[in-house]
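Student: Structure in structure tokens, see below.
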Amino acid sequence: MKFKCAELKEFEIVGRPLPKGDEKMPVYKMTIFAPDEIVAKSRFWYFLRQLKKVRKVNGEILRMTEMSNSSPTKIKNFGIWVRYDSRSGSHNMYREYRDVSRTGAITQCYRDMAARHRARPHSIQIMKIEVVKAADTKRPVIKQMHDSKIKFPLPHRILKFNKKSIFVADRPSTMQ
Amino acid sequence: MLYKRYIEIGRVCFIRLGDDIGKSGVIVDLVDQKHLLIDGPDGIGRKVLRLNQVALTDIKINIPRGCKTKTVRTAMAKEGVEAKLAATSLVKKFAAKNAKAQLGDFARFKIFAGNSHPELAQRIAQ
């Protein structure tokens with residue numbers, strides 16, 4: 001299905017049904033998050049088919065642009081509205097993620113949905129993604145990072161285990 | 001206090017894994033429990049790093065959360081972070097390890113001879 005080893009990309013795809021003669025056809029625009037252009041186009045037609053009476057055979061893509069991430073060094077709180085199919089039905093969700101880019105947050109969302117709900121990417125629909133102000137965030141995991149004097153130690157820090165020291169005389173120190 | 005080094009805004013970190021290994025930066029903001037926004041001199045710039053890519057130093061500077069790169073760099077210069085870093089064991093050990101890795105075969109042989117075979121070392125010196 002969708003192969004997502006790296007971060008997803010954001011595409012803005014504009015398409016329309018093919019004109020028959022001189023008729024003016026409606027034009028539709030979608031924002032799709034996908035690993036590459038091919039999957040993006042495929043998902044575009046998948047959604048458009050569900051929403052409007054137009055198929056890839058009878059339509060054309062007018063424009064497809066990859067959207068770049070704005071302010072990639074500013075940390076933002078993203079609210080993502082998702083619709084996904086579980087084993088026994090379809091559900092809406094509102095999820096929050098902290099990230100530096102929209103694509104990063106969406107990628108986190110897909111990973112998170114897979115982990116927490118065993119939802120595969122083909123059953124997830126991203127309805128909306130928005131930057132949420134810190135005061136308007138709802139999830140405690142996100143809110144806990146909004147402390148201006150945030151500070152925590154790294155107690156009992158276990159770094160990559162050095163196989164050369166499997167058996168040692170003294171217990172190694174985990175103080176950072 | 002049991003813990004002296006904290007993950008906090010302004011903590012100077014040494015990068016121990018990844019593309020920027022050996023360089024150091026300042027924690028400017030925290031993305032989540034496992035990711036930091038680090039900023040530093042030209043060599044690094046501003047980027048997100050994972051916690052395990054980073055080792056904490058004893059150096060901490062005073063910067064507001066999420067401040068601009070220019071502010072970070074002037075604060076680093078004002079507090080003399082570079083000089084303090086050069087004195088930390090993390091940086092020294094990395095430099096030594098790096099130097100050892102860069103040695104050529106003859107240099108390694110000279111060290112070997114110098115340690116255990118003084119007559120050999122004398123002959124090389126001639």
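The values are calculated or read from the model by the stated rules, or taken from the named source; none is laboratory data. This is a predicted model, so every value here is computed, not measured. Here the Cβ positions follow ideal geometry from the backbone for every residue, glycine too, while neighbour counts run over all protein chains shown. Surface areas here come from the heavy atoms of the whole protein model, side chains and all, with no ligands, DNA or RNA. Shrake-Rupley method; radii C 1.70, N 1.55, O 1.52, S 1.80 Å.
Student: With +1 on each Lys and Arg Cβ and -1 on each Asp and Glu Cβ, how big is the dipole of the stretch B:14-126 about its Cα centre, in debye rounded to the nearest 20?
Tutor: 80 debye
Student: Computing the accessible area with a 1.4 Å probe over protein heavy atoms, can you report the carbon and sulfur percentage for the stretch B:2-111?
Tutor: That fraction is 56 percent.
Student: Just need the relative contact order of chain B here, percent rounded to a whole number, with Cα pairs under 8 Å and 6+ apart.
Tutor: 20 percent
Student: With contacts defined as alpha carbon pairs under 8 Å and 6 or more residues apart, what's the relative contact order of the stretch A:56-176 in percent? Walk me through the numbers on the way to the answer.
Tutor: Numbers: 134 pairs, mean separation 28.5, N = 121.
RCO, the stretch A:56-176: 24 percent.
Student: Would you mind checking the pairs A:K133/B:K47; A:K29/A:K133; A:K53/A:K138 and listing those with alpha carbons more than 32 angstrom apart?
Tutor: Beyond 32 Å between Cα atoms: A:K53/A:K138.
Student: Continuing with the same structure: Pop out the Kirkwood hydrodynamic radius of the stretch B:30-126 from its pairwise C-alpha distances, inverse of mean 1/r, in Å to one decimal. Present the calculation step by step, with values, prior to reporting the outcome.
Tutor: Details: mean 1/r = 0.0593 Å⁻¹.
One decimal place: 16.9 Å for the Kirkwood radius.
Student: If you don't mind, another one. Hey, what's chain B come to in accessible area per residue, 1.4 Å probe, Å²? List each step's numbers first, then the result.
Tutor: Values: 7560 Å² over 126 residues.
Value for chain B: 60 Å² per residue.
Student: Another question, then. Below 15 angstrom from the Cβ of B:F109, what's the summed charge of the other residues (Lys, Arg +1; Asp, Glu -1)?
Tutor: Details: positive: B:K100, B:R108, B:K110, B:R123; negative: B:D105, B:E119.
Local net charge: +2.
Student: Now a separate question. Calculate one ³J(HN,Hα) per residue across the stretch B:19-32 by plugging θ = phi - 60° into the Karplus curve 6.51 cos²θ - 1.76 cosθ + 1.60, and present them in order as whole Hz with x for glycine and proline.
Tutor: 5, 9, 4, x, 8, 10, x, 10, 6, 9, 7, 10, 6, 8
Student: Here is a follow-up. When the solvent-accessible surface of protein heavy atoms is calculated with a 1.4 angstrom probe, in what order do A:W45, A:W81 fall, highest first? Write down the numbers at each step before the final one.
Tutor: Values: A:W45 15, A:W81 75 Å².
The ordering from most to least exposed comes out as A:W81, A:W45.
Student: Placing +1 on the Cβ of each Lys and Arg and -1 on the Cβ of each Asp and Glu in chain A, which of A:T103, A:L8, A:N162 has its Cα farthest towards the positive end of the resulting dipole?
Tutor: Highest projection toward the positive end goes to A:N162.
Student: To the nearest 100 Å², how much accessible surface do chains A and B hide from each other in total, with a 1.4 Å probe? Show your work: numbers first, answer last.
Tutor: Working: alone 12740 and 8540 Å², together 19230 Å².
Summed over both sides, the interface buries about 2000 Å².
Student: Which residues, if any, in the stretch A:68-86 have at least 30 Å² less accessible area in the whole protein complex than in the isolated chain, probe 1.4 Å?
Tutor: Residues losing area: A:T73, A:I75.
Student: Tell me, in nm to one decimal, what length is gained between A:S123 and A:R63 on full extension, where the rule is 0.36 nm per residue of separation less the Cα-Cα distance?
Tutor: 19.0 nm
Student: Same structure, new question: Taking the Cα centre of each part, how many Å lie between the stretch A:107-123 and the stretch B:43-62?
Tutor: First find each Cα centre; the distance between them is then 30 Å.
Student: Please give the residues of the stretch A:151-174, grouped as numeric ranges, whose backbone N is less than 13 Å from a label point set 7 Å along the Cα-to-Cβ vector of B:L51.
Tutor: Once the point is set 7 Å along Cα→Cβ of B:L51, A:151-159 turn out to lie under 13 Å by backbone N, inside the stretch A:151-174.
Student: With all protein chains present and a 1.4 Å probe, how do B:F94, A:F47, A:F167, B:F109 order by accessible area, largest first?
Tutor: Working: B:F94 55, A:F47 30, A:F167 190, B:F109 80 Å².
Sorted by accessible area, descending: A:F167, B:F109, B:F94, A:F47.
Student: In the protein assembly as shown, with Lys and Arg counted as +1 and Asp and Glu as -1 at Cβ, which of these residues, B:A121, B:T69, B:I27, has the Cα nearest the positive end of the dipole, that is, farthest along it?
Tutor: Positive-end residue among those listed: B:I27.
Student: Note the angle between two axes, namely the Cα long axis of helix A:37-51 and the longest principal axis of the Cα atoms of chain A, as a number of degrees from 0 to 90, rounded to the nearest 10.
Tutor: 60 degrees
Student: Are there any residues in the stretch A:97-114 with a reduction of at least 20 Å² in accessible surface when going from the isolated chain to the assembly of protein chains? Probe 1.4 Å, please list them by number.
Tutor: A:R98, A:V100
Student: How many times 2.2 N^0.38 Å is the alpha carbon radius of gyration of the stretch A:47-176?
Tutor: For the stretch A:47-176, the normalised Cα radius of gyration comes out at 1.53.
Student: About the Cα centre, and with charges only on the beta carbon of Lys, Arg (+1) and Asp, Glu (-1), how big is the dipole of the stretch B:1-43? Nearest 20 debye, please.
Tutor: Around 320 debye, computed over the stretch B:1-43.
Student: Let me ask you something else. If you fit an axis through the alpha-carbon atoms of helix A:102-117 and take the longest principal axis of the Cα set of chain A, what angle between them do you get, 0 to 90°, nearest 10?
Tutor: The angle comes out at about 70 degrees.
Student: Report, to the nearest whole %, how much of the accessible area of chain A belongs to carbon and sulfur atoms, 1.4 Å probe, protein only.
Tutor: Answer for chain A: carbon and sulfur cover 52 percent of the accessible area.
Student: Once you charge only the Cβ atoms, +1 for Lys and Arg and -1 for Asp and Glu, what is the size of the charge dipole of the stretch A:66-176 about its Cα centre, to the nearest 20 debye?
Tutor: Working: 23 positive and 9 negative charges, 62 e Å.
Roughly 300 debye, rounded to the nearest 20.
Student: Let me ask something additional. For B:K92 and B:K34, compute 0.36 nm times the residue count separating them, minus their Cα-Cα distance, and round to one decimal in nm.
Tutor: Full-extension gain reported as 18.2 nm.
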